[in-house]
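The values are calculated or read from the model by the stated rules, or taken from the named source; none is laboratory data. From a predicted model like this one, the values you see are computed outputs, not experimental measurements. For neighbour counting, all protein chains shown are included, and Cβ atoms are generated from backbone atoms with ideal geometry for every residue, glycine included. These accessible areas exclude ligands, DNA and RNA; they are computed on the full protein's heavy atoms, side chains included. Shrake-Rupley method; radii C 1.70, N 1.55, O 1.52, S 1.80 Å.
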Amino acid sequence: MSGAIHRAEDGRCVVPNALRTETMLERIRGLLGRPALQPGQCLLIEPCSAVHAIGMTYPLDLVFLNSAGRIMKLVHRLRPWRMAVCAGARMVLELPAGSIVTLEMTAGQTLNWARN
């Protein structure tokens, strides 16, 4: 499902092209076998508290969120064949490497997904 990610504090759209997983198979597949995300794109996986990059060919930035959309953990440039886990996370945004810095994301901010 297509939508956008907005920062709750100021309403700013930070990711205009946000795909959201809808099925277990979509969550399991994630970005495997897909081209690298471009700036302005992300994949929102829910429920999710752990990500693996086994089989990936490019690094990712990860933003782990709680059920209210509050950023719990930021992972910069997760390399292929690595894992990241965040206990208590409910969702994760997979973003192009470098997006966390570019979008000025910090722990404690709240992000919301909205359908386009």
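Show me the ranking of peptides 41-50, 3-12, 79-88, 65-74 by mean Cβ neighbours inside 10 Å, starting with the highest.
Values: 41-50: 19.0, 3-12: 14.8, 79-88: 12.9, 65-74: 16.8.
Output ranking for 41-50, 3-12, 79-88, 65-74: 41-50, 65-74, 3-12, 79-88.
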Hz values of 3J(HN,Hα) by residue in region 82-95 - Karplus curve (6.51, -1.76, 1.60), Gly and Pro given as x = 10, 10, 9, 9, 9, 4, x, 6, 10, 9, 9, 9, 9, 10
At what distance in nm do the modelled label points of I54 and R115 sit from each other, each positioned 7 Å from its Cα along Cα→Cβ?
-> 3.5 nm
A correct Karplus calculation of ³J(HN,Hα) over region 103-116, with 6.51 cos²θ - 1.76 cosθ + 1.60, θ = phi - 60°, whole Hz and x for Gly and Pro, returns 8, 6, 7, 9, 4, x, 5, 10, 10, 10, 9, 9, 5, 6
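Solvent-accessible area per residue for the chain at a 1.4 Å probe radius, Å²? Don't skip to the end; give the middle numbers.
Values: 6070 Å² over 116 residues.
Accessible surface, normalised per residue, equals 52 Å².
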³J(HN,Hα) across region 63-72 via Karplus (A = 6.51, B = -1.76, C = 1.60, θ = phi - 60°), whole Hz, x for Gly/Pro?
-> 10, 8, 10, 7, 5, 8, x, 7, 5, 9
Taking Rh as the Kirkwood radius, which is the inverse of the mean 1/r over Cα pairs, what is the Rg/Rh value for the chain?
-> 0.92
Options P59, L74, A97, ranked by Cα towards positive dipole end of the chain, top entry (Cβ charges) | P59
